[in-house]
Amino acid sequence: MSDSKRIPRHLAIIMDGNGRWAERRHRPRTLGHRAGARAVQVCLDFCLAEGIGTLTLFAFSSENWNRPAEEVGALMKLFLRMLDNEVDELHRRGARILFVGERGEFPAVIQEKMRRAELVTAGNTAINICIAAGYGGRWDIVQAARKLAREVRDGSLAPEAIDETLFSSRLCMAGLPDPDLFIRTGGDLRISNFLLWQLAYTEMWFTETLWPDLDAVTLRQAMDDFASRERRFGLTSAQVSGTAQGNAA
Ligand code: FPP
């Protein structure tokens with residue numbers, strides 16, 4: 001089944017390659033992250049133009065805290081600057097901003113600006129921009145299990161009532177559709193602890209392009225490839241073409 005108009009409702013991206021982009025230019029890795037922030041704008045413009053409903057960006061993993069202190073510090077400065085400079089413009093463009101991850105480890109000033117960004121943009125509907133920060137897929141599953149365990153302990157939930165839908169509702173992206181398309185830049189072919197639960201039936205797309213080099217042509221390639229794929233969700237091809245055409249995206 002091919003439908004050139006089919007676009008993902010939810011696009012999730014691992015923005016990899018900032019460090020290598022800088023190293024190839026004999027510049028500090030932090031310069032790559034700054035260039036990566038510009039690529040975020042390119043990506044966002046594309047998603048808004050395409051009508052993609054949710055964009056999730058892996059900005060900082062739970063493991064990234066273990067990078068050299070200088071790089072972590074530079075990333076914190078960059079996040080703070082983006083929170084100061086970009087939120088009002090994103091609000092003007094109708095974006096709802098959400099942060100997913102363990103934010104307790106971020107400096108208080110960043111946590112406060114995350115809260116403000118979420119509050120200010122809460123009513124917007126043009127696009128959801130979900131920033132995964134301090135995020136790990138295993139962490140997300142564990143925190144959901146912990147919430148459910150507390151509810152069982154408190155007597156408000158029977159263990160038999162726990163099914164996939166209920167479990168999903170305790171994950172930190174509850175309420176958003178699972179990603180239809182996953183993109184990883186930078187050439188590595190792995191998920192790296194991103195959205196482990198939510199990627200179950202997501203189409204995967206990998207590119208050698210380093211994140212700071214991202215452009216609309218590369219994103220268009222990913223969209224065209226996505227539109228040409230048959231998504232079967234465990235069904236047969238005949239079942240999908242006979243009964244589910246148009247529902248897969
Ligand atoms: C991975 O590249 C990228 C990061 C750990 C940081 C991503 C941050 C940005 C793109 C800027 C801010 C964006 C938002 C949405 C707040 P890497 O450093 O692992 O690259 P490498 O694999 O080449 O070393």
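Readers should treat all values here as calculations from the given coordinates under stated rules, not as data from a laboratory. All values reported here derive from a predicted model rather than from experimental measurement. Cβ sites come from the backbone with ideal geometry, for glycine too, and all protein chains shown count toward neighbours.
Calculated translational diffusion coefficient of region 117-217 (37 °C, 0.692 mPa s; Stokes-Einstein with Kirkwood radius over alpha-carbon pairs) equals 204 µm²/s. With θ taken as phi - 60° and the Karplus curve 6.51 cos²θ - 1.76 cosθ + 1.60 applied, the whole-hertz 3J(HN,Hα) list for region 97-111 is 9, 10, 10, 10, x, 8, 8, x, 8, 6, x, 4, 5, 5, 4 Hz, x standing for glycine and proline. The phi torsions of region 229-234, fed into the Karplus equation with coefficients 6.51, -1.76 and 1.60 and a -60° offset, translate into couplings of 8, 9, 9, 9, 6, x Hz, rounded to whole numbers, with Gly and Pro shown as x. For region 82-180, the relative contact order comes to 29 percent (Cα pairs under 8 Å, sequence separation of at least 6). Across the chain, the mean sequence separation of Cα contacts (distance under 8 Å, 6 or more residues apart), normalised by length, yields a relative contact order of 30 percent. In plain terms, the residue of Trp205, Trp65, Trp197, Trp21 with the fewest other Cβ atoms within 10 Å comes first and the most crowded comes last, giving Trp65, Trp197, Trp205, Trp21.
Label-to-label distance, Gln239 versus Val42, with points set 7 angstrom from Cα along the beta-carbon direction: 4.1 nm.
At a 10 angstrom cut-off on C-beta neighbours, averaged per residue, how do the peptides 83-90, 43-50 rank from highest to lowest? If you can, show how the numbers build up before the last one.
On the way: 83-90: 14.9, 43-50: 17.8.
Result, highest mean Cβ count within 10 Å first: 43-50, 83-90.
Remark: region 85-95, residue by residue, has Karplus-estimated 3J(HN,Hα) of 9, 9, 5, 5, 5, 5, 4, 4, 8, x, 8 Hz, where x stands for each Gly or Pro and the curve is 6.51 cos²θ - 1.76 cosθ + 1.60 at θ = phi - 60°.
Going from the fewest other Cβ atoms within 10 Å to the most, the residues Phe167, Phe60 appear in the order Phe167, Phe60.
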